[in-house]
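Taking it in order: structure first as structure tokens, then the write-up.
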Amino acid sequence: MLILVTVFANLTAQNLPQLGKAPVKAVIKAMTLEEKAKLVVGMGMKMPGLPPSGGLTPGGPGGQNQLPPAGVPQGTAIGQTQDIVPGAAGTTFAIPRLGISATVVADGPAGLRINPTRPGEKATYYCTAFPVATLLASSWDTELVYKVGQAMGNEVLEYGVDVILGPALNIHRNPLCGRNFEYFSEDPLISGKLAAAMVNGIESQGVGTSVKHFAANNAETNRNALNTIADERTLREIYLKGFEILVKESQPWTVMSSYNLINGTYAPENHDLLTKILRNDWGFKGYVMTDWFGGKDAAAMVKAGNDLLMPGTPAQSKAILEAVKAGKLDEKLLDRNVEKILTIILQTPRFKGYSFSGRPDLKAHAEISRQASTEGMVLLKNNRETLPFPKETKKIAVFGNTSYEIITGGTGSGDVNEAYSVALVEGLQNAGFTVNANLKNMYESYLKASREGKQKGAWFMGETPIKEFSLPEDLISSMVKVTDAAIITIGRNSGEGYDRQAVEGDFLLSATEKEMILMVCKAYQAKGKKAVVILNTGGVLETASWKELPDAILLAWQGGQETGNSIADILCGKVNPSGKLASTFPVNYQDVSSAKNFPGKLIGAQEEPKSNDSNPFAGFMSPKPAEVTYAEGIYTGYRYYSTFKVPVSYPFGYGLSYTTFEYANLKLGATTFSKTLSVSIDIKNSGKVAGKEIVQLYLSAPSGKLDKPEAELKGFAKTRWLQPGESQTLSFVLNASDLASFDATLSAWKADAGKYYVKIGASVSDIRAEGSFTLASDKVVAKVSKALVPVAPLETLKK
């Protein structure tokens with residue numbers, strides 16, 4: 001009898017439709033309702049290092065998140081975690097009887113994040129720490145970013161992950177956002193173009209991406225209960241535009257919805273955002289997943305078009321199942337989401353049976369990381385050709401804590417477990433410089449002593465920075481006598497779950513840091529020697545109050561594991577810096593257009609939720625309703641500074657080189673715009689060393705019914721490596737969409753009739769050539785969905 005039952009079961013399984021062999025719709029038809037409800041909900045995750053009362057156990061009605069009871073063990077699994085790849089962020093539900101495999105997803109976006117070691121194994125699984133997005137954006141080089149994406153995607157593939165959670169391309173609305181290091185720019189064109197290049201590079205390796213955080217997730221404080229209030233034009237032109245460019249140019253496998261609400265509705269529950277705009281207007285074909293524990297109502301998320309709930313809990317599957325049975329959720333909508341997930345599963349390497357080697361070429365990828373790092377570093381100042389250091393400059397005094405403990409990237413899910421990192425002092429030594437040993441020993445001893453007795457930060461939280469010590473004058477004087485030049489490194493870090501502060505030691509330099517720069521620069525310059533400041537940071541700092549002191553300033557950002565070597569490559573002249581700012585450095589924080597309404601405010605009389613080392617997720621899992629109004633409208637970043645004539649410390653698009661470039665022969669294809677307009681410019685290396693130049697095309701549009709910024713970036717290009725005297729012609733094409741602004745009254749992109757000015761520059765404030773053309777009559781370029789309308793009319797900043 002047992003044999004007959006087994007044979008019958010096998011025959012039944014053989015007759016079932018199998019994913020990849022039968023049409024997807026046939027597989028869905030064979031699924032039970034319970035299986036569908038489980039497929040759209042992830043398999044949970046492990047939370048390493050959380051204390052018994054701080055573990056995360058989402059549950060309750062509708063799959064909402066709650067704190068667990070006491071006694072939950074550390075590292076508890078939430079849901080039914082499949083630990084296929086240790087350290088991965090989660091997996092999807094597998095249904096073997098229908099040939100449906102699990103999909104493994106893991107964090108990014110500056111490199112794959114998985115556990116580097118595994119119990120009982122001698123093999124290691126380290127990943128390459130690539131430069132952060134702020135640095136990659138400063139390269140303005142889509143080909144380079146594609147190359148980084150290829151290397152990153154190869155590691156995703158060979159380590160057995162199907163989808164990496166990145167890239168991230170939220171706008172730098174405010175310099176204090178804790179995750180700006182993960183994001184590219186204050187400008188949506190750079191953000192969209194470079195993120196698309198990253199997606200195309202990663203997905204060229206046969207693995208997927210999840211682009212995030214969709215949308216208007218521009219602060220970390222109260223992020224999972226923060227209602228972003230913004231008008232349609234602001235959202236369409238600034239906060240959605242980069243995602244639109246990315247979707248149309250790369251079609252990522254997945255998109256990750258954000259934690260926040262937009263005009264009163266959670267992003268994962270927002271039908272306007274996920275269906276009307278993302279799918280109907282832009283043609284997105286993949287599936288949408290939540291950010292981890294994002295959203296509130298599981299059934300509402302399914303309805304909105306949020307296909308996969310991550311990391312997933314049994315309570316969410318149960319809520320979806322009950323909603324269908326109660327008639328509150330149409331099963332056809334659930335089938336729609338299941339179909340999107342299965343369509344992507346068909347493309348995954350795990351489904352295709354790829355043999356994961358566990359051995360990507362980390363050495364080759366480190367070289368790519370090093371190259372990318374040098375390409376995106378920005379030379380902010382270089383008085384009297386201080387850099388590159390002349391050959392006779394050999395002995396260096398290196399000041400500042402992060403000279404010895406370099407910051408390779410931010411904290412949180414954007415962190416990477418790399419095998420090694422190259423500190424600045426190590427990079428200098430590799431380049432042939434001699435680092436003063438006495439000063440080095442002093443710093444290393446100070447850092448070791450300062451760290452003794454301190455507990456390591458909780459999971460996802462970075463270590464508390466060690467304060468700089470006050471330098472005795474006699475120490476500096478002794479260094480001047482025995483070294484040829486001085487380097488001072490200023491380090492900053494930030495990460496997920498918290499925003500930076502406009503205070504000393506964060507956005508502002510501390511008094512000790514300023515004193516260090518002043519004393520070192522003064523002492524070295526008094527003896528005719530040079531002092532250079534290196535900024536090792538993931539985001540913008542205040543520079544106006546001290547930038548006149550050093551002879552040179554190099555913005556090194558956070559360049560990944562090869563940061564020290566990359567900095568040294570520039571200092572010694574092996575590489576000519578070519579990076580330019582993709583975000584403005586203001587004079588004062590108060591000059592930022594969103595300074596008065598960032599990061600937002602709690603609604604009503606509430607106590608601010610706190611995070612701490614013992615339970616950093618207390619505030620996250622018990623969110624307090626909050627809101628932020630984007631009252632500045634479209635005037636963020638350089639759009640604000642240039643339009644309202646606000647002085648800045650370093651403008652958008654700015655960056656120096658060891659050579660100079662001439663711009664000549666600007667040509668426009670016509671004086672009247674028709675369907676497209678061609679633009680070309682000749683760039684000549686007029687200096688003495690080879691280099692690259694980033695050329696920017698800005699457009700000034702006539703103001704009709706809509707307010708218009710002084711200038712908007714509409715194109716950019718980077719020359720090849722030009723030898724002294726060599727020229728290259730760069731060409732651009734303007735489309736009708738480049739002329740258009742979003743008119744909410746028409747639900748359309750519309751170009752106003754009038755005169756348009758084409759401005760070609762080395763930065764937004766350094767325009768080298770200018771031309772103009774006219775548009776004879778108003779032109780509606782594209783009609784779109786009426787969506788994301790604020791509950792109440794919103795007044796925004798106007799000229």
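Computed quantities for the displayed model
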{"read-out": "Distance from segment 723-780 to segment 220-243 (C-alpha centre basis), Å", "value": "25 Å"}
{"read-out": "Listed pairs K395/K530; K25/K276; K296/K786; K440/K527 exceeding 19 Å between Cα atoms", "value": "K25/K276; K296/K786; K440/K527"}
{"read-out": "Translational D in µm²/s for segment 626-706 (Stokes-Einstein at 25 °C, 0.890 mPa s, Kirkwood Rh from C-alpha pairs)", "value": "147 µm²/s"}
{"read-out": "Solvent exposure of the chain as accessible area per residue, Å², 1.4 Å probe", "value": "38 Å²"}
{"read-out": "Structure-based [θ]222 nm, the chain - -39500 (n - 2.57) summed over DSSP H runs of at least 4, per residue, nearest 500", "value": "-7500 deg cm²/dmol"}
{"read-out": "Relative contact order of the chain, defined on C-alpha pairs under 8 angstrom at six or more residues apart (%)", "value": "15 percent"}
{"read-out": "Inverse of mean 1/r across different Cα pairs in segment 359-476, Kirkwood, Å", "value": "17.2 Å"}
{"read-out": "Within the accessible area of the chain (1.4 Å probe), percent carbon and sulfur", "value": "52 percent"}
{"read-out": "Whole-Å semi-axes of the ellipsoid equivalent to segment 383-445 (Cα gyration tensor, √5λ, descending)", "value": "26, 16, 11"}
{"read-out": "P(r) of segment 621-776 over all Cα-Cα pairs, binned every 5 Å from zero, in whole percent", "value": "2, 8, 16, 18, 16, 14, 10, 7, 4, 3, 2, 1, 0"}
{"read-out": "Rg/Rh (Cα only; Kirkwood hydrodynamic radius) as it applies to segment 347-399", "value": "1.30"}
{"read-out": "Convex hull of Cα atoms in segment 266-340, direction-averaged projection (nm²)", "value": "4.5 nm²"}
{"read-out": "Debye intensity ratio in log₁₀ form over the Cα atoms of segment 195-246, taken at each q of 0.28, 0.29 Å⁻¹", "value": "-1.07, -1.11"}
{"read-out": "Enclosed volume per residue, in Å³, of the convex hull spanned by Cα atoms of segment 126-172", "value": "82 Å³"}
{"read-out": "Between segment 632-654 and segment 679-713, the alpha-carbon center distance in angstrom", "value": "15 Å"}
{"read-out": "Segment 309-406: chymotrypsin sites (Phe, Trp or Tyr not before Pro) falling in loop per DSSP and having at most 16 other Cβ within 10 Å", "value": "Y354, F356"}
{"read-out": "Residues A792 and Y420, FRET efficiency given R0 of 41 Å [Cβ-Cβ distance, rounded to 0.05]", "value": "0.15"}
{"read-out": "Magnitude of the charge dipole, segment 212-358, Cβ model with Lys/Arg +1 and Asp/Glu -1, debye to 20", "value": "340 debye"}
{"read-out": "When segment 254-297 is reduced to its Cα atoms, the Kirkwood hydrodynamic radius in Å", "value": "10.5 Å"}
{"read-out": "Fraction of antiparallel bridges per DSSP, the chain only, in percent to nearest 5", "value": "60 percent"}
{"read-out": "Estimated Rh, segment 102-152: Kirkwood, alpha-carbon pairs, angstrom", "value": "12.8 Å"}
{"read-out": "D_trans [Stokes-Einstein, Kirkwood Rh over alpha-carbon pairs] for the chain, 4 °C, 1.567 mPa s, µm² s⁻¹", "value": "47 µm²/s"}
{"read-out": "Members of K46/K193; K212/K340; K381/K755; K38/K241 lying beyond 29 Å, as alpha-carbon distances in this model show", "value": "K46/K193; K381/K755; K38/K241"}
{"read-out": "Charge dipole (debye, nearest 20) of the chain; +1 at Cβ of Lys and Arg, -1 at Cβ of Asp and Glu", "value": "1060 debye"}
{"read-out": "Kirkwood hydrodynamic radius (C-alpha pairs) into Stokes-Einstein, segment 743-790, 10 °C and 1.306 mPa s, D in µm²/s", "value": "121 µm²/s"}
{"read-out": "Within segment 180-292, percent of DSSP bridges classed antiparallel, to nearest 5", "value": "20 percent"}
{"read-out": "Charge dipole of segment 508-590 about the Cα centre (unit charges at C-beta), most positive-ward option of A511, L571, A523", "value": "A523"}
{"read-out": "Assigned charges on the beta-carbon of Lys, Arg, Asp, Glu; segment 346-461 dipole about Cα centre (debye)", "value": "100 debye"}
{"read-out": "Mean separation of Cα contacts under 8 Å (6+ apart) over length of segment 657-739, as relative contact order %", "value": "35 percent"}
{"read-out": "Which of A323, G427, W749, positive extreme of dipole for the chain (C-beta unit charges)", "value": "W749"}
{"read-out": "Segment 93-194, Rg to Rh (Cα coordinates; Rh as Kirkwood inverse mean 1/r)", "value": "1.07"}
{"read-out": "Euclidean distance of C-alpha centroids, segment 256-287 and segment 311-378, integer Å", "value": "17 Å"}
{"read-out": "For H172, solvent-accessible area (1.4 Å; no DNA, RNA or ligand), Å²", "value": "20 Å²"}
{"read-out": "Positive-end residue, the chain charge dipole about Cα centroid, Cβ charges, pick of F184, G111, Q728", "value": "Q728"}
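The values are calculated or read from the model by the stated rules, or taken from the named source; none is laboratory data. A quick note: this is a predicted structure, and the numbers were derived from the prediction, not measured. When we count neighbours, we look across all protein chains shown, and the Cβ atoms used for this are built from the backbone with ideal geometry, even at glycine. Remember, those area values only see protein heavy atoms, side chains included, never the ligands or the DNA or RNA. Shrake-Rupley method; radii C 1.70, N 1.55, O 1.52, S 1.80 Å.
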